Amino acid sequence: MDIDHFDHCIAVLDMMKAGVDCYMTAGASEPLGLSGHRLKTIKAGVQFQIGPFAIMPFATEHDAAEPVGFLIQAGADKLLYLTDSFYCRYKFKGLTMIAIEANYHLPILQANLAAGIVPMALKNRILKSHFSLDNVKEFLKANDLSLVRELRLIHLSAQNSDEVLFKAEVERLTGKPVIIH
């Protein structure tokens with residue numbers, strides 16, 4: 001099966017069969033051949049509603065077809081969910097929570113490359129498809145964090161990240177509590 005990031009959608013058929021609506025872009029659903037009333041096709045820049053949640057998908061930069069991040073609002077709470085991207089061109093105001101990928105730290109990745117732990121092809125893919133710690137910090141500096149209550153760092157690489165370092169650097173930069181997932 002030649003599908004972009006099959007690991008991200010491995011259970012989608014089971015979820016749909018179990019009666020769960022699955023929201024994704026056409027770029028994600030078409031290679032899977034998905035159809036049916038449980039498939040909810042979304043587009044970047046087109047807001048949709050699920051119960052009390054207003055969800056705005058926005059285009060991200062990743063090596064897959066039509067990747068999106070999400071700005072999710074319910075009442076006064078506004079969550080930014082951004083993963084599987086190496087850059088975000090948007091700035092956000094009024095965020096109260098942020099869940100953002102912090103996949104790798106370049107010095108760790110380079111050391112792993114030199115040690116033969118990470119092949120060059122994987123290093124090049126990581127650089128062009130995932131947020132580094134430095135990119136996360138630049139993104140956070142560019143956005144209004146005045147209402148943010150907590151930051152969650154997600155999608156950390158097991159080999160190319162350091163939870164303690166990432167947490168300390170982001171807390172130092174933002175003054176906000178950081179949770180690692």
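The values are calculated or read from the model by the stated rules, or taken from the named source; none is laboratory data. Given the structure is predicted, the values throughout are model-derived calculations rather than measurements. Heads up, the Cβs are rebuilt from the backbone with ideal geometry, glycines too, and the neighbour counts pull from every protein chain shown.
Taken together, the criteria exclude TYR104 from residues that are of a type in the set (Ser, Thr, Tyr) and surrounded by fewer than 18 Cβ atoms within 10 Å (Cβ to Cβ). Taken over the stretch 108-167, the criterion of being β-branched (Val, Ile, Thr), over 30 Å from GLN73 (Cβ atoms) and more than 17 Å from the chain's Cα centre (by Cα) is satisfied by ILE108, ILE117, VAL118, VAL164. Residue check: is TYR81 of a type in the set (Ser, Thr, Tyr), closer than 24 Å to PRO52 by Cα and under 12 Å from the mean Cα position of the chain (by Cα)? Against the criterion (of a type in the set (Ser, Thr, Tyr), closer than 24 Å to PRO52 by Cα and under 12 Å from the mean Cα position of the chain (by Cα)), TYR81 qualifies.
Look at (1) surrounded by 17 or more Cβ atoms within 10 Å (Cβ to Cβ); (2) modelled with pLDDT of 95 or more; (3) farther than 26 Å from VAL170 by Cβ and you find that VAL20 fails only one, number (1). Determine, yes or no, whether VAL148 is more than 26 Å from PRO52 (Cα to Cα) and buried (at least 19 other Cβ atoms within 10 Å of the Cβ). For VAL148, the condition - more than 26 Å from PRO52 (Cα to Cα) and buried (at least 19 other Cβ atoms within 10 Å of the Cβ) - is not met.
For every residue, the table says whether it meets (1) surrounded by fewer than 18 Cβ atoms within 10 Å (Cβ to Cβ); (2) β-branched (Val, Ile, Thr); (3) at pLDDT 95 or above.
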site	(1), (2), (3)
TYR87	yes, no, no
VAL118	no, yes, no
VAL136	no, yes, yes
ASN160	no, no, yes
GLU169	no, no, yes
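Does at least one position in the stretch 89-109 carry a residue that is in contact (Cβ under 8 Å) with a residue 24 or more places away in the chain, out of contact with any strand residue (DSSP E or B) (no Cβ under 7 Å at 6 or more places or on another chain) and among the β-branched types (Val, Ile, Thr)? Looking through the stretch 89-109, at least one residue is in contact (Cβ under 8 Å) with a residue 24 or more places away in the chain, out of contact with any strand residue (DSSP E or B) (no Cβ under 7 Å at 6 or more places or on another chain) and among the β-branched types (Val, Ile, Thr). The criterion of being closer than 30 Å to LEU32 by Cβ and polar (S, T, N, Q) holds for SER132. Among the residues making up the stretch 16-28, a single one is closer than 12 Å to ALA64 by Cβ and among the hydroxyl-bearing types (Ser, Thr, Tyr): THR25. Screening ILE10, ILE50 for residues that are more than 20 Å from ILE154 (Cβ to Cβ), of a type in the set (Val, Ile, Thr) and surrounded by fewer than 16 Cβ atoms within 10 Å (Cβ to Cβ) leaves exactly one candidate, ILE50.
Over 27 Å from ALA44 (Cβ atoms) and of a type outside the set (A, V, I, L, M, F, W, C): which single residue out of GLU138, GLU163 fits that description?
Numbers: GLU138 fails: over 27 Å from ALA44 (Cβ atoms).
One residue alone meets the criteria, GLU163.
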